[in-house]
Amino acid sequence: MRKLDEALLPPALALAIALVVGDLLILSFGQSPGAVFAMLLEGTWGNAYGLGQTLYKATTLIATGLAVAIPLRAGLFNIGAESQLAAGGFAAALMGLAIPASLPWPVAAALCTVAAVVGGGLVGAIPGALKARFGASEVIVTIMLNFIVLALLNWIVASHLHVPESLHTPEIHSGGVPRFADFSAVFRGSAANVTLVGAIGVAIGAWWFLFRTRAGYELRAAGLQAEAARTGGVRLPRVWLVTMTLGGALAGLGGVNYVLGYKHYYEEGFGSGAGFLGIAVALVGRNHPVGVIFAALLFATLSQGGLAVNAVVPKQMMDVLQAVVILAVAVCVPEVRRVLQDAARRAVMRGTAAS
Amino acid sequence: MIALLIVAQVLRISVPYLFAAAGGLLSERAGIVALTLEGFMAAGAFGAAIGTHYSGSPALGLGAGVAAGALLASVHAMATIRFRADQVVCGIALNLLVAGGCAFTLRLAFDSSSNSPRIAALGEGLGSGLAATFANPLVWGAFAILPAMWWLLYRTRFGLRVRAVGEHPEAATSVGIGVPRVRYLAVILSGAIAALGGAYLAFDQHKFTDGMTAGRGFIAIAAVIFGRWEPVRALGACLLFAVAETVQIRLQGSTALPSQFVEMIPYALTIVALAGFGGKSAAPSALGRSEG
């Protein structure tokens, strides 16, 4: 029970704090909080288009959230999801441009997905290798790589691949996946597509890997007690390399949502912060794959909701709320653990005193 | 003349880097990761623009900018020191908070989500063009700040304590140094100093623009790391990065060297430095550890 409390209390507290801050921000704009939050819910879960857009955003966030959460389980902080996501999307688009148009879409989509995994994985492998070989801080290396990789991709697209007068590549020849709108007309216009199913499948796979395989066990051991894990025979450098590569590959998968599911081309800046938001998703989801799915839905709701209420309250309010949620979770996690431990200790002492 | 113009351009570009790197260096030497520099700078720029707009005085505006940076830094200090929240996570959250908060307040105060009204600059009327650069007190301040940081760290009691809590907080505690107190001071001071860099940007452009720090806080972190956490080396790193940026601006439009590759220089050099090429990197040993 205490374990579940420890996992769920910080996000719950953080949401309560964010709600209060949100109320204050809305009041500062002279609007009624109740009405604005109702508008936010109506624009996200209240109609099929809003729901579709929310699910589309959640799809990318599940991928980038896992890309941060899995390495965090190994004690590694992946801040590079933004560029890994871009590299994955770019690789998928390259593959889509290289294959013949006659290829049936499931085969083409599979090839593009593999390319996305490889593209993101390569970018993730660099900080993993530098950490394993030189002990370089993966935090700084991933931050620096974000700038380097994005600049590199911008250069390739701008100088070699772009459609004139645009910042995007030509459309892929094949590999586009069906949108929800293809099955039901109510989703018309929204970008949600079957990639969502894939993302949920990947999250379940990540759960299985973390908690049911030997490699996942070693990964978690390295994060909980690196020294003890090393003594127990875990090769830490190998775990670091594999974990960061895996993180990069997961973020890269997020690129499929945009390239295969939505626009069918790679465009500069398509991630628009989804990589950084992955950090928030992992944090609020408490680094658990199932938690990541729910946290992705929450943050997707906030960012789509920002657009829904922008007419009455600036959408930047959602950036503030996202920041408040991250900060509050970061503050509450150690605090809640301390309080629960104290309570448990007191309970034990009472028990000893009574006997 | 052209040489002097280029020198002035390098100086102008390096001013925000120098202030932010000085702030970052102080915080990191005390053991607190300086990923909040971008936010400190934005807060400084925003405070300076708003302060100058409402008071009509750039000097008061500068004070407001510094206060905004220090205030944000005290939130960071409180979260990471008192509550032992993860320093990297807090840094990222605060950067996001400042970015969103500034844009929100712009809409609230000026009904614009992109920029503040035009403000008077610090040292305005002291000259124009080249003379203005050399008459600007913030430019002189920027070049004095890292040498001053060297003096603070290596020639004062406070500096000795900062280094002690950054290297070995347990040992510092055992000789009676109040580790949290030193860290609070170092982080708040670091926010105030980095905010000067942001304020310079606001005065330079005569307004606050959404996203005007444009990643400079991260270049400053790069300068601290590439400078191996030493003030004088960090000064050199800031100048080097400013020279690269000047070259990039001067080469704009030429096809010999795509600007994206020049952009990468600070980040690539940082990775090379972290990988230990050209000497072991010397991060403070307690950097990032909130316990102790």
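The values are calculated or read from the model by the stated rules, or taken from the named source; none is laboratory data. Owing to the predicted nature of the structure, the values given are computational and were not obtained by experimental measurement. Here the Cβ is made from the backbone with ideal geometry for all residues, glycine too, and neighbour counts use every protein chain on show. Areas reflect the complete protein model, heavy atoms only, side chains present, ligands, DNA and RNA absent. Shrake-Rupley method; radii C 1.70, N 1.55, O 1.52, S 1.80 Å.
Only one entry in A:GLY269, A:GLY278 is within 14 Å of chain B (Cβ to nearest Cβ) and open to solvent by less than 30 Å² (accessible area, probe 1.4 Å), namely A:GLY278. Wholly within region A:1-109, which helices (runs of 4 or more DSSP H) include no fewer than the required count, namely at least 1 residues that are in contact with a Pro (Cβ under 6 Å, 6 or more places away or on another chain)? Qualifying helices (runs of 4 or more DSSP H): A:2-28.
Residues that are more than 15 Å from the chain's Cα centre (by Cα) and of a type in the set (Val, Ile, Thr) do occur in region B:10-18, at least one of them.
Okay, residues lined up against (1) β-branched (Val, Ile, Thr); (2) buried (at least 21 other Cβ atoms within 10 Å of the Cβ); (3) at pLDDT 95 or above; (4) closer than 19 Å to A:LEU253 by Cβ:
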| site | (1), (2), (3), (4) |
| --- | --- |
| A:GLY46 | no, no, no, no |
| A:TYR56 | no, yes, yes, yes |
| A:THR64 | yes, yes, yes, yes |
| A:ASN78 | no, yes, yes, yes |
| A:ALA136 | no, yes, no, no |
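A count restricted to region A:188-214 and to residues that are surrounded by 15 or more Cβ atoms within 10 Å (Cβ to Cβ) and in a helix (DSSP H, G or I) stands at 11. Counting only helices (runs of 4 or more DSSP H) that sit completely within region B:1-99, those holding 3 or more residues that are open to solvent by 20 Å² or more (accessible area, probe 1.4 Å) and under 13 Å from B:GLY197 (Cα atoms) correspond to B:2-29, B:58-77. Count of region A:165-183 residues, restricted to those that are free of Cβ contacts under 8 Å to residues at least 40 places away in the same chain and open to solvent by 40 Å² or more (accessible area, probe 1.4 Å), is 3.
Considering only region B:200-217, state which residues are touching a strand residue (DSSP E or B) at 6+ places or on another chain (Cβ under 9 Å) and not in a helix (DSSP H, G or I). Residues satisfying the conditions are B:LYS207, B:PHE208, B:THR209, B:ASP210, B:MET212.
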